[in-house]
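Notes follow the structure.
No value in this document is a laboratory result; all are computed from the given coordinates. These figures come from a predicted structure and were not determined experimentally. When we count neighbours, we look across all protein chains shown, and the Cβ atoms used for this are built from the backbone with ideal geometry, even at glycine.
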Amino acid sequence: AQGERHREKQEGALMLTAEELREIMPFCSADRVLLFVDPLSDAMREFAISDNMLREAAFIAQLAYESGQLRYMEELANGEAYNDRADLGNTRPEAIAIAAEHGTTPGPFFKGVGPIQITGYDNLLACGAALGLDLVHDPRQLTQPIAGCRSAGWFWQTHGCNELADRQQFVEITRKINGGLTGLADRERYYARGVAILGDNRD
């Protein structure tokens, strides 16, 4: 049976520690761990991810892969490949106009940001509406720890990943986040590490 973490709960949710985060993401610097552990814990509580260990482990594993262990809060590619992506809303007149105001095109302007890489005009519009942020005019708000972690939690919850994590359907979670199975083996290694580390901290 799944027990409680040895540490106390906060508001009924399990709290992630800096030590656990560093163990799961060993190439994340101590400074980055300290910068992100509280925003990450708060976001997991806000979006019901910290309700159980399986959700936490799957969520942290996906973020570890997407962000290079919290090192990158913005997609490394220039984003031009997204210019004609109607499925992301990048061909909408308003998306084109906003990008033009900033001297660029929709692909680069609305490329992936945040630890889970929220990508495209439509996703940023929906995420901003949910979080109370104007992300279509300033997507780079999600490169900051609090907004970035909340955006990841929002995407996770709204795409049904909590329920998939409960059923240990990690491959399907990867499809939801990636659109395919890029880096699946690495993601699964983070997941296994997370289950082991977080599971060890239960009675």
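Overview of results
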item: Efficiency of FRET between Ala18 and Asp138 - r from beta-carbon atoms, R0 22 angstrom, step 0.05; result: 0.15
item: Candidates Gln169, Gln157, Gln141, ranked by Gaussian network fluctuation over the chain, Cα under 10 Å, top entry; result: Gln169
item: Among His102, His159, His137: highest mean-square fluctuation, GNM of the chain, C-alpha pairs under 10 Å; result: His102
item: Theoretical ellipticity at 222 nm over the chain - DSSP helices of four or more residues, -39500 (n - 2.57) apiece, nearest 500; result: -16000 deg cm²/dmol
item: Fluctuation leader among Leu142, Leu184, Leu70 - the chain, Gaussian network, Cα springs under 10 angstrom; result: Leu184
item: Rough spin-label spacing in nm, given labels placed 7 Å along Cα→Cβ, for Arg71 and Ile146; result: 2.8
item: Amide H contacts under 5 Å for Ile118, placed H, 5+ residues apart; result: Val113
item: Gain in span if fully extended, Asn52 to Asp31, counting 0.36 nm per residue against the direct Cα distance; result: 4.9 nm
item: J(HN,Hα) series, region 79-93, from Karplus relation 6.51 cos²θ - 1.76 cosθ + 1.60, nearest Hz, glycine and proline x; result: x, 4, 5, 8, 4, 9, 7, 5, 5, 9, x, 6, 9, 5, x
